[in-house]
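Student: After the structure tokens below, expect a handful of questions from me.
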Amino acid sequence: MFMRGAVRHTVAAHAKKLRSGTSFNQLRRVGVRFKSAAAVQGVSAGIPLNSEKQHATKVSPDGRTRVTTFPNGLRVASEENPGHFTAIGVYVDAGSRYEDNSTSGYAHLMDRLAFRNSERFTSAESMAMIEKLGGSIMSSSSRECIMYQAAVFPHDVSTAVKLLADTTLRPKFLSDDVEELRATVPWEIQDVESKADMFLPEKLHEVAFQSGTLGNPLLCPLPRLESATPDSLERYHRRWYRPERIVVASVGIAHDELVRLCTDNGFADLEPQSSGKDTTPTRPDPAAAGVADRSWFRSILGSAKSSAHTTMASGKSAYTGGMWLDPKADMDFTQLYVGFKSAGIDDEHGLYVYAVLQMLLGGGGSFSAGGPGKGMYSRLFTRVLNQHAWIESC
């Protein structure tokens with residue numbers, strides 16, 4: 001249970017960072033805002049491509065999705081769905097759940113340093129390329145993934161891949177950029193802490209997973225921000241941006257063309273983990289946890305990790321639960337969040353059940369704009385919001 005006085009401000013663009021994203025152990029939560037407490041008592045096929053390096057390619061049972069694994073372990077996935085735009089992204093298996101005290105918040109900093117200086121482009125050149133491309137180009141970090149994404153016209157895919165490759169594989173961490181983060185990140189943190197609908201989901205994860213992992217902060221703590229250096233960021237990049245932890249995925253492009261673009265821009269040349277025991281945390285194996293693996297796509301994307309990878313204790317989340325209260329007697333509204341442990345992304349059956357339950361209760365987009373009566377028959381609307389005048393929203 002979580003309570004905190006609400007304050008009304010506009011929501012910052014950083015709201016995406018305060019969602020748990022693809023967390024292995026998701027939390028389901030119910031948010032209620034009411035007046036102050038005083039007023040309330042498959043089938044796969046190996047298809048080698050014609051290239052200098054033979055890549056193993058597998059096709060989904062319906063023939064729409066192809067996944068190619070480079071010799072270094074990096075995976076390239078695509079689905080040919082012709083349209084006016086092509087979506088492409090680079091996804092790194094890293095994030096706040098894997099961080100320790102020395103790197104807490106570094107995924108957030110990597111996100112903020114995206115599309116700046118790299119081996120081939122300066123920050124100004126990268127910005128000029130983005131403006132010329134138009135479309136939608138962004139980066140984001142979550143608890144289990146750092147994402148770099150672009151949606152562009154089909155004839156601009158080559159330029160987009162070039163830009164994504166340089167910002168993910170060959171970034172330059174300059175002192176001026178780090179100093180700029182020291183000036184801007186504190187304002188971002190202050191903005192988040194002033195908005196209950198952004199701050200409380202973070203606090204909810206912190207209390208629910210007190211041993212770390214999914215309870216680690218998404219935003220870089222100020223002490224760690226002050227100690228961050230170009231060298232420490234470079235070490236973080238070398239540790240986590242390895243080919244066996246990277247997936248390049250796209251919709252709206254021929255698979256062979258995507259593989260060629262990835263090869264031309266250095267994804268196939270990225271050095272894999274050197275021999276020897278790797279102590280980098282990984283997500284727990286669903287099979288080892290007794291969870292049936294029914295997803296062809298996930299079985300492919302999860303099969304390329306080196307046998308050297310070991311699942312450390314710090315890589316497995318442990319739900320603890322708890323309570324946090326922050327009384328604000330002078331506020332107009334009190335925010336209440338209640339969270340429960342639920343299925344994670346590796347339990348497909350349980351995940352869909354919880355998703356249906358969430359919509360029945362009124363979660364997700366049930367109360368968003370989009371049509372008359374949307375969400376008016378959900379449980380939270382009919383049994384909570386519509387029954388008690390002192391509840392402002394839920």
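Student: Whole-Hz ³J(HN,Hα) for each residue in the stretch 216-228, computed from phi via Karplus 6.51 cos²θ - 1.76 cosθ + 1.60 with θ = phi - 60°, x for glycine and proline: what do you get?
Tutor: 5, x, 6, 8, 5, x, 4, x, 6, 4, 5, 8, 5
Student: Now for a different question. Quick one: accessible surface of H349, probe radius 1.4 Å, all protein chains present, in square angstrom to the nearest 10.
Tutor: The accessible area of H349 comes to roughly 120 Å².
Student: At what distance in nm do the modelled label points of S175 and V353 sit from each other, each positioned 7 Å from its Cα along Cα→Cβ?
Tutor: 5.8
Student: Report, by chain and number, residues whose modeled amide H sits under 5 Å from the one on A56, excluding near sequence neighbours (fewer than 5 apart, same chain).
Tutor: T69
Student: Here's something else I'd like to know. Going by accessible area, probe 1.4 Å, with all protein chains left in place, what is the ranking of T229, T334, largest first?
Tutor: Numbers: T229 55, T334 20 Å².
Result of the area sort, largest leading: T229, T334.
Student: Residue-wise, which Karplus ³J(HN,Hα) couplings in Hz belong to the stretch 252-265, taking 6.51 cos²θ - 1.76 cosθ + 1.60, θ = phi - 60°, and x for glycine or proline?
Tutor: x, 9, 4, 4, 4, 5, 5, 4, 4, 5, 5, 5, 5, 9
Student: How large is ³J(HN,Hα), in whole Hz, for each residue of the stretch 138-147 in order, when computed from phi with the Karplus curve 6.51 cos²θ - 1.76 cosθ + 1.60 and θ = phi - 60°, using x for Gly and Pro?
Tutor: Listing the rounded values in order: 7, 9, 7, 10, 10, 6, 10, 7, 10, 10 Hz.
Student: Among 257-266, 381-390, 132-141, how do they line up from the highest to the lowest mean number of other beta-carbon atoms within 10 Å?
Tutor: Packing order, densest peptide first, comes out as 257-266, 132-141, 381-390.
The values are calculated or read from the model by the stated rules, or taken from the named source; none is laboratory data. The structure displayed is predicted, hence computed values, not measured ones. Backbone-built Cβ (ideal geometry, glycine too); neighbour counts: all protein chains shown. The accessibility values were calculated without ligands, DNA or RNA, using every heavy atom of the protein model including side chains. Shrake-Rupley method; radii C 1.70, N 1.55, O 1.52, S 1.80 Å.
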